[in-house]
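Structure first, then comments.
The values are calculated or read from the model by the stated rules, or taken from the named source; none is laboratory data. Keep in mind that what you see is a predicted model, and the values were worked out from it rather than measured. When we count neighbours, we look across all protein chains shown, and the Cβ atoms used for this are built from the backbone with ideal geometry, even at glycine.
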Amino acid sequence: MSDRFGEKREGSAKIGGTGGMLPLFFLAGIFGVLLAAGCERQPQEEDKPAAVALCRGTNMQLPLIVAEQQGFFSEQGLAVTVREFTLGRNALEAMLKGECDLATAAEPPVVEYAGQRGDLRILASLQSTDNMVRVVARSDRGIAAPLDLRGKRIGTVKGSNVHYFLELFLGKHGLQPQDVAIVFMKADEVLEALTSGRVDAMAMTHNVVAQAREALQANAVLMEAPGLYRNYVMLLTTTGLLEKQPGLAGRFLRAVDRAEDFISQRPEEALSIAQADAKVSLAETKQLLGIYQYQLLLDHALLMGLEDTARWTLRQNGDSQAPSPNFLNLIAAEPLRAVNPDSVRLGK
């Protein structure tokens, strides 16, 4: 640009007589126009939304839904596309295959892949609840209480948070896994297996439980155990994304932080948004919202939940003496710390 501009200035000096020169203020004006034009082009490139692919479970991940519906992602310069999976395990696996930039999942799949993928990173816990997984049984199979599950076929997903809860639930009521017939299947097969009668009961997350109760009506027996297992929905990514797009995770978390404020300050509007996304009744949606704590966090309770799950996973694999992974090595705290320092409670 400077060479061409110099040529124009030299040619223009001949106008108005030999050795005559245009006033300096005129040249300064031309330079200002060119500079302004360059400045106008640059923001257009910078303001182009960053494409983000998110894989998430279908359970009530309201902060993500609100952030999308209220435009909080777009305010952060993000164009988010969402793929939904019945369980977070499938969402995490899709991310690790390179199909998504971010994923949400609970503890068991994170524990499983912690030892296999050195590039897996935890950005934050989005929400938690101690009553997300439940058991639904068929009353026409002679089931009215937890002890009636003895000898019955129970459908669930192996190595997942629903499998973990089922074993805790059985133990709470004096039953061992061998006292029942646990039938492992894919997440999207469990509901049909229960409603068709191929299994007598199932352990699944509340969204599938709600659909089962609606399908079975009076034949559905709901079994809950609030406080037995606190489930954390974590936002996950890889070191590749953090290295290639270092500011993206922070922008995503900032949008989620705004969404959680919205849920707290405008609960009726949040309920309407949740109901539009839900596949169950308004009353069921209200109940589901009531069991969640929506708060971005990285704290020791999350680490303890991961460690408890790791011990269970090692027992499942017949290797209970093996050391658990150091989950602190999986945590990428800087993006959340930049958004809200008080949400990172892991100490030094």
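Here are some notes:
- Those strands (runs of 3 or more DSSP E) lying entirely in region 176-279 with at least 1 residues without any contact (Cβ under 8 Å) to a residue 12 or more places away in the chain and assigned by TED's automatic domain parsing to the domain that holds Glu93: none
- Residue satisfying condition, being under 25 Å from Tyr113 (Cβ atoms), among the aliphatic types (A, V, I, L, M), touching a Ser or Thr at 6+ places or on another chain (Cβ under 9 Å) and crowded, with 24+ Cβ neighbours inside 10 Å, within set Ala203, Ala255, Ala187: Ala203
- Residue check for Ala103: touching a residue at least 12 places away in the same chain (Cβ under 8 Å) and either crowded, with 22+ Cβ neighbours inside 10 Å or in contact with a helix residue (DSSP H, G or I) (Cβ under 9 Å, 6 or more places away or on another chain) (or both): yes
- Screening Ser343 against (1) surrounded by 16 or more Cβ atoms within 10 Å (Cβ to Cβ); (2) over 16 Å from Leu126 (Cβ atoms) leaves a single unmet condition, (2).
- Residues of region 258-303 that are surrounded by 15 or more Cβ atoms within 10 Å (Cβ to Cβ), of a type in the set (S, T, N, Q) and modelled with pLDDT under 90: Gln275, Thr285.
- When we screen Gly155, Gly151 for residues that are buried (at least 22 other Cβ atoms within 10 Å of the Cβ), touching a strand residue (DSSP E or B) at 6+ places or on another chain (Cβ under 8 Å), over 27 Å from Arg337 (Cα atoms) and of a type in the set (Gly, Ala, Ser), the only hit is Gly155.
- Ile331 of a type in the set (Val, Ile, Thr), within 23 Å of Tyr164 (Cα to Cα) and at pLDDT 90 or above: yes
- Filtered by the rule that a residue be closer than 26 Å to Ser264 by Cα, touching an Asp or Glu at 6+ places or on another chain (Cβ under 7 Å) and surrounded by fewer than 17 Cβ atoms within 10 Å (Cβ to Cβ), region 304-340 gives a lone residue, Asn340.
- Residue match in region 226-249 (condition: of a type in the set (Gly, Ala, Ser), out of contact with any Gly (no Cβ under 6 Å at 6 or more places or on another chain) and crowded, with 19+ Cβ neighbours inside 10 Å): yes
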